[in-house]
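Q: Before we start, here is the structure in question, set down as structure tokens.
The values are calculated or read from the model by the stated rules, or taken from the named source; none is laboratory data. Being a predicted model, the structure only gives us computed values, none of them experimental. For neighbour counting, all protein chains shown are included, and Cβ atoms are generated from backbone atoms with ideal geometry for every residue, glycine included. Accessible surface is based on the protein model in full, side chains and every heavy atom, while ligands, DNA and RNA are left aside. Shrake-Rupley method; radii C 1.70, N 1.55, O 1.52, S 1.80 Å.
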Amino acid sequence: MATLNLDHVVKMRALPDFHEAYANHSHITADGNPIVWLSRLSGHQIDLVPGSELIDPICDMAASLDAPVAFLGSTEASLAEAARVLKGRYPGLTVATCISPPMGFDATGPMADACIEQLAASGARICFLALGAPKQELFASYAAPKLPQIGFLSIGAGPDFVSGVQTRAPKIVRKLAAEWLWRLATNPARFAGRYGKCIALLPGLLRDALRARAVGNKRGQ
């Protein structure tokens with residue numbers, strides 16, 4: 001499962017391998033309000049499902065089904081704390097392994113193969129990927145055929161929110177669809193350029209959404 005936002009759309013237009021990796025996913029959710037709004041404008045009624053909000057329900061399900069989970073990405077300290085917190089929330093949850101790859105991790109290279117071997121040996125059935133885009137989606141696409149017994153979910157900074165290493169925007173900010181402003185205000189050096197590229201892409205996406213809606217209306221006549 002991948003979680004689509006505007007930053008991913010920007011990256012997919014520049015990175016063909018990233019676009020191909022997305023096409024190999026069986027499930028994609030909307031991880032940003034602009035994706036939801038554009039989809040609805042084009043005639044598709046979808047809801048917002050951020051990757052970070054998938055962790056708790058999936059861990060709850062995994063605990064009830066006795067399906068071990070794994071975490072790949074972030075830092076060792078953050079993953080260890082996230083595992084501790086989640087096992088406390090969901091009694092019976094088994095965290096089979098936590099893997100924190102080194103800097104420069106190649107999502108389809110020898111280090112990825114080593115991670116695949118570790119995941120296979122762990123007995124995990126669900127793997128949360130916190131590598132950031134595009135590495136987590138590339139790894140999911142690369143690893144899934146080799147590990148058909150494991151489901152992969154790309155969740156970005158999700159484990160860091162659980163562990164407390166990062167603080168997510170308050171609920172009222174998220175309800176106002178202003179989480180991007182919160183991120184920009186708290187870390188402008190990281191997000192200013194990213195959001196600038198996303199905003200520049202919006203007029204074209206708006207045009208595409210309106211065209212898709214017009215085509216859909218004609219077909220429905």
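Q: Taking segment 100-134 on its own, how many of its residues are under 17 Å from GLU20 (Cα atoms) and touching a residue at least 40 places away in the same chain (Cβ under 8 Å)?
A: Total meeting the criteria: 3.
Q: Turning to a different aspect of this structure: If I ask for residues that are under 18 Å from the mean Cα position of the chain (by Cα) and basic (Lys, Arg), which ones from segment 160-178 would you list?
A: Within segment 160-178, ARG168, ARG174 meet the criteria.
Conditions tested, residue by residue: (1) within 18 Å of the chain's Cα centre (by Cα); (2) hydrophobic (A, V, I, L, M, F, W, C); (3) at pLDDT below 95.
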residue	(1), (2), (3)
PHE105	yes, yes, no
LEU147	no, yes, no
TRP180	yes, yes, yes
ASN187	no, no, yes
ARG213	no, no, yes
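Q: Continuing with this model, one more query. Just to be sure before I move on: is ALA192 surrounded by fewer than 16 Cβ atoms within 10 Å (Cβ to Cβ), of a type in the set (A, V, I, L, M) and within 30 Å of THR108 (Cα to Cα) in the structure I sent?
A: yes
Q: For ALA96, which of the numbered conditions (1) more than 30 Å from ALA177 (Cβ to Cβ); (2) surrounded by 15 or more Cβ atoms within 10 Å (Cβ to Cβ); (3) out of contact with any Gly (no Cβ under 6 Å at 6 or more places or on another chain) fails to hold?
A: If we test ALA96 against (1) more than 30 Å from ALA177 (Cβ to Cβ); (2) surrounded by 15 or more Cβ atoms within 10 Å (Cβ to Cβ); (3) out of contact with any Gly (no Cβ under 6 Å at 6 or more places or on another chain), just (3) comes out false.
Q: Quick check on my filter: what residues within segment 13-31 are part of a loop (DSSP other than H, G, I, E, B), surrounded by 14 or more Cβ atoms within 10 Å (Cβ to Cβ) and out of contact with any Asp or Glu (no Cβ under 8 Å at 6 or more places or on another chain)?
A: LEU15, ASN24, ASP31, listed by residue number.
Q: From the list ALA130, ALA200, ALA124, ALA114, exactly one residue is open to solvent by 40 Å² or more (accessible area, probe 1.4 Å), within 22 Å of ALA80 (Cβ to Cβ), of a type outside the set (Ser, Thr, Tyr) and modelled with pLDDT of 95 or more. Which is it?
A: ALA114
Q: Right, another one. Between SER52, SER74, which is surrounded by 21 or more Cβ atoms within 10 Å (Cβ to Cβ) and not aliphatic (A, V, I, L, M)?
A: Going through SER52, SER74 in turn, just one is surrounded by 21 or more Cβ atoms within 10 Å (Cβ to Cβ) and not aliphatic (A, V, I, L, M): SER74.
Q: Can you list the helices (runs of 4 or more DSSP H) found entirely within segment 154-217 that contain at least 2 residues being without any contact (Cβ under 8 Å) to a residue 40 or more places away in the chain? So that I can check it myself, show each step before the final result.
A: On the way: elements: 158-163, 171-175, 179-186.
Helices (runs of 4 or more DSSP H) meeting the threshold: 171-175, 179-186.
Q: Quick one: would you say GLU81 is over 24 Å from ALA144 (Cβ atoms) and either modelled with pLDDT of 95 or more or surrounded by 14 or more Cβ atoms within 10 Å (Cβ to Cβ) (or both)? Give the steps one after another, and end with the answer.
A: Working: over 24 Å from ALA144 (Cβ atoms): yes; either modelled with pLDDT of 95 or more or surrounded by 14 or more Cβ atoms within 10 Å (Cβ to Cβ) (or both): yes.
In short, yes.
Q: Restricting attention to segment 145-173, and to residues there that are under 18 Å from ASP56 (Cα atoms) and charged (D, E, K, R), which single residue is most open to solvent (accessible area, probe 1.4 Å)?
A: Ranking the candidates gives LYS171 first.
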